[in-house]
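Single-structure report; data block below.
The values are calculated or read from the model by the stated rules, or taken from the named source; none is laboratory data. A quick note: this is a predicted structure, and the numbers were derived from the prediction, not measured. Ideal geometry is used to build each Cβ from the backbone, glycine not excepted, and the neighbour counts take in all protein chains shown. Ligands, DNA and RNA are excluded from the accessible area calculation, which covers all protein heavy atoms including side chains. Shrake-Rupley method; radii C 1.70, N 1.55, O 1.52, S 1.80 Å.
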Amino acid sequence: MPLKGFLSSKRAPRSETAPSAMSDGEKLAMLDELEQSGLGWFWASDKNGNLTYLSATIADRIDLPLADLLGRPLASVFVSADRDGRSKSLSLMLGAHKAFSGFAVRAEKRPEGAVLRLSGRPAFDGENFVGFRGTGADITDEYHREEETARLAKYDSLTGLSNRHRMKHLIENTLTAFKAAKRNCAIMMLDLDKFKHVNDTLGHAAGDELLKQVSDRLRRSIEVECEIGRLGGDEFQVMLPDLDDRGELGEIALKIITMLKQPYTLEEGRCVIGCSVGIAVAPHDGVTVDEIVKSADLALYAAKNGGRGQYRFFSGELENEAIFRRRLEESLGDAVRENQLFLKYEPIVDAATETVRSLEAHICWQHEQRGEIDEEEFASILDGSNQVVEVGGWAIREACAHAANWPDTVSVAVNVPVPLFASDGFVETVAEALEAEDLPPQRLELEVSEAVFFGDTNAVDRTLAQLFKLGVRLTLDEFGSGYSSLAYLRRAPFDTIKIDETLIVEAQKHDTDELGLIRAIVALAGALDMDTIANGIESTDLFERLKTCGVKRMEGPIYSDPVSREAVEAELTGESWKIAPSGDRIKRSKRRTVFRRIHVIHDDHSYEVVLRNLSRTGALIQGLADVPKGTQFVVDLGGGQLAVATVTRSNGDTQGLEFEETLVDDGSGGLCTRNRVSPYALASAGAPLAALAPGSYNAMPGGGLGESGGIPQFAYSPTAKYEAA
């Protein structure tokens, strides 16, 4: 349709009293100027929706020939600009024969081109519909601004990941849909370790760049379907639909931890951080978004408290554990004042002569309710506490008092946390401790981590110079953790380099690259007239390889676990204390599921027994008499964990079991089943749908009918019942 025809279809009746109007030619000229200016564009279609008129300016704007557009259906020329498909289609709007306005479209053949806003009104010849007449406007810039505003409302502007609001919305919608379909969904909470050191010392720009690189690694490390979000700061969240296999989830978490701890290269320098991961699975650990996120948070808190750089699954006991942990942190000051803290000492041995040269102090806590809290757990409680300076000062004074009673050939080593090193009066605290015990300064070794160099350079240099003048020995701890710089090694008065334990762990895996790095560190130390220490040594094979590399001093289970002050003084009564390395001394992992009551189910009867030993492939139970080999049990480990097992050996009231499916790591040194009882199975049996609670699940289908059901085939052992009480 020519513009004259388009114009006549919109012409209003002329009033007899109206003043003289423009001629059609004048109107056409004015409308033509309007079209050319881009302020107003026009289009028209016939009753079938085919374009009969389109302003040439629109064709130019969408970069398509006008002749190719006329005669085509309008709905095939333009499509909705809404990429999410939430708007009605143009064909539906045209088919309704009703006026519309403000509809954002793009050219179907130019999906990344201009965005137009179309409006239109139906035209009638009497009662007959003859098509649409409408206008258009270019809203490309406005549309992109609105699109960016909408994107920022859902995505993190720094990393491009989903933000907290979008993640909550996605998890909520997913759980609602999955509840009806009886599907599982895992949630991971991630927190970066040592990120604050980078942010505080290298600056916020470095911190931002680090977060971008972390986000990129996260995307690459998770190869299954997932949604990753940054909740703010250094906290991330991952949603993994249709995944409840804790073996697979543990592997994903371990891969994330491994990838994120690799060195980062920033404009401001090179650094290494870590990552802790908490894992919860819906509906096992929560049904609603608030429940499942809280469970994952508690698991993350437990992972961080367990030593960081690890993952942890949620369990029903974690909430009580978290509450108790907070109480421990709050009562730490009282522990110092009430003499509840004490020191254990780990020997540092000369690798060549097997002579103990130094003893490293480890802080432990004799808690009135918990009992002894060992050095590893205490370190996790102290980390981040506002009692670090007070406890650190106490440790130096106590260590000096003990070392004063030792032979002059043996020194004492004390770890110095960064807050203590940076505190006012730190050097005075050291000097007063030495003076009070009349201890020669060279018999005190202060272990300082590389993280202290992230502080004020002048203040750090001043403190190191004062300590050097005082005469104490200085050890650079955790060398190779990622902050390493030759610049401060050249200017700082260190006597010893302590190789970071992560390098030792990798070397233990026969990693030739790590051994080469250790060899280079030893050579560097030799050039600077420094000693080297490697800790955490467990195997004789690793010991020999490190000795070949030239490491002078070593410590770890291959020599001795940390021992009491009394044991140290007993060993030091002779001329010297010598310890030969032995591979028989291995660091025993904590077993959380040893010697406790559990249930085993056979046929339709449940028996209470004592779990004496647990491994990936089997268990040792006590409590039932005359159980033949080949008997099959369902072992109820609590919290919905049911494992099918077969008796492989039986001796009196003790049976060895072999699991049908091996257990997997729980992230904290323990073991757990890959899968658990489905809360949907509980719901189908009449229970309300809820997160799994700790306790026995022997009444589940396939898990027996409970202790009161069925006829027992095996007799209880009175001795075992007594031992379990």
Here FRET efficiency (C-beta to C-beta, Glu223 to Arg649, R₀ 60 Å, nearest 0.05) is 0.90
When the chain is fully extended, how far beyond the present Cα-Cα distance does Phe129 get from Glu251, taking 0.36 nm per residue of separation? 37.4 nm
Viscosity 0.890 mPa s, temperature 25 °C: what is the translational diffusion coefficient of the chain from Stokes-Einstein with a Kirkwood Rh over Cα pairs, rounded to a whole number of µm²/s? 77
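Above 18 angstrom, tally the Cα pairs of the range 109-194 and express them as a % of all pairs, no decimals. List each step's numbers first, then the result.
Working: 2570 of 3655 pairs.
Of all Cα-Cα pairs in the range 109-194, 70 percent lie more than 18 Å apart.
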Residue farthest toward the positive end of the dipole of the range 263-374, with Cβ of Lys/Arg at +1 and Asp/Glu at -1: which of Ile373, Ile323, Ile279? Ile279
Among the listed pairs Lys154/Lys212; Lys469/Lys578; Lys179/Lys294; Lys469/Lys547; Lys547/Lys578, those beyond 23 Å (Cα-Cα): Lys469/Lys578; Lys469/Lys547
Zone of Lys47's modelled label, taken as backbone nitrogen in the range 113-142 under 20 Å from a point 7 Å along Cα→Cβ: 121-134
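How large is the convex hull of the C-alpha atoms of the range 328-452 per residue, in Å³? Each step should come with its number before you reach the end.
Working: hull volume 14.9 nm³, N = 125.
With only Cα atoms used, the range 328-452 gives 119 Å³ per residue.
Mind checking the per residue accessible area of the chain for me, 1.4 Å probe, whole number of Å²? The partial results should precede the final answer.
On the way: 34740 Å² over 725 residues.
With all protein chains present, the chain gives 48 Å² per residue.
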Here the Kirkwood hydrodynamic radius of the range 608-651, Cα-based and in Å, equals 11.1
Extent of the range 262-335 along each principal axis, from alpha carbon coordinates, in Å, largest to smallest? 43, 40, 17
Compute the Cα gyration tensor for the range 60-120, then decide on rounded, prolate or oblate, letting a ≥ b ≥ c be the square roots of its eigenvalues: rounded whenever a/c is under 1.5, prolate when a/b is larger than b/c in the other cases, and oblate in all that remain. oblate
Under a point spin-label approximation (7 Å from Cα along Cα-to-Cβ), what is the Ala683-Ala177 distance to one decimal in nm? 1.7
What is the angle, in °, between the Cα long axis of helix 246-260 and the longest principal axis of the Cα atoms in the chain? Nearest 10 is fine, range 0 to 90. 90
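Compare the peptides 643-653, 92-102 by average per-residue count of other Cβ atoms within 10 angstrom and give them in order, highest first. Please report the intermediate quantities before stating the final value.
Details: 643-653: 16.7, 92-102: 13.0.
Highest-to-lowest ranking by the protection proxy: 643-653, 92-102.
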Enter the angle in degrees (range 0 to 90, nearest 10) between the Cα long axis of helix 512-527 and the first principal axis of the Cα atoms of the chain, meaning the one along which they spread out most. 60
Note down the magnitude of the dipole of the chain about its Cα centre, charges +1 on Lys and Arg C-beta and -1 on Asp and Glu C-beta and zero elsewhere, to the nearest 20 debye. 2760
Using alpha carbon centroids, what distance separates the range 500-574 and the range 440-471, in Å? 23
Percent of all Cα-Cα pairs per 5 Å bin for the range 196-344, counting from 0 up to the last occupied bin, reads 2, 8, 15, 19, 17, 14, 11, 8, 5, 1, 0
Once the dipole of the range 325-422 is set up with Lys and Arg at +1 and Asp and Glu at -1 on Cβ about the Cα centre, which of Tyr345, Ala403, Phe421 lies farthest towards its positive end? Phe421
Once you have the Cα-Cα distance between Glu372 and Asp141, take 0.36 nm times their residue separation minus that, and quote the gain in nm to one decimal. 76.5 nm
Nearest 10, in degrees from 0 to 90: the angle of helix 388-403 to the longest Cα principal axis of the chain is 20
Taking the dipole about the Cα centre of the chain, with the C-beta of Lys and Arg at +1 and of Asp and Glu at -1, give me whichever of Thr57, His599, Thr648 is farthest to the positive side. Thr57
Using the Karplus equation 6.51 cos²θ - 1.76 cosθ + 1.60 (θ = phi - 60°), what ³J(HN,Hα) coupling, rounded to whole Hz, does each residue of the range 170-186 give in order, writing x for Gly and Pro? 5, 5, 4, 5, 5, 5, 5, 5, 6, 4, 5, 8, 6, 10, 9, 8, 9
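Order of 368-379, 49-60 by packing, highest average Cβ count within 10 Å first? Could the numbers behind the result be given before it?
Details: 368-379: 14.1, 49-60: 19.1.
Top to bottom by mean Cβ count within 10 Å: 49-60, 368-379.
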Carbon + sulfur, % of accessible area of the chain - ligands and nucleic acids excluded, 1.4 Å: 49
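Cβ neighbours within 10 Å, averaged per peptide: list 109-122, 569-582 in order, most packed at the top. Intermediate results must be reported in sequence, preceding the final value.
Numbers: 109-122: 16.5, 569-582: 13.8.
Listed from highest to lowest mean packing, they are 109-122, 569-582.
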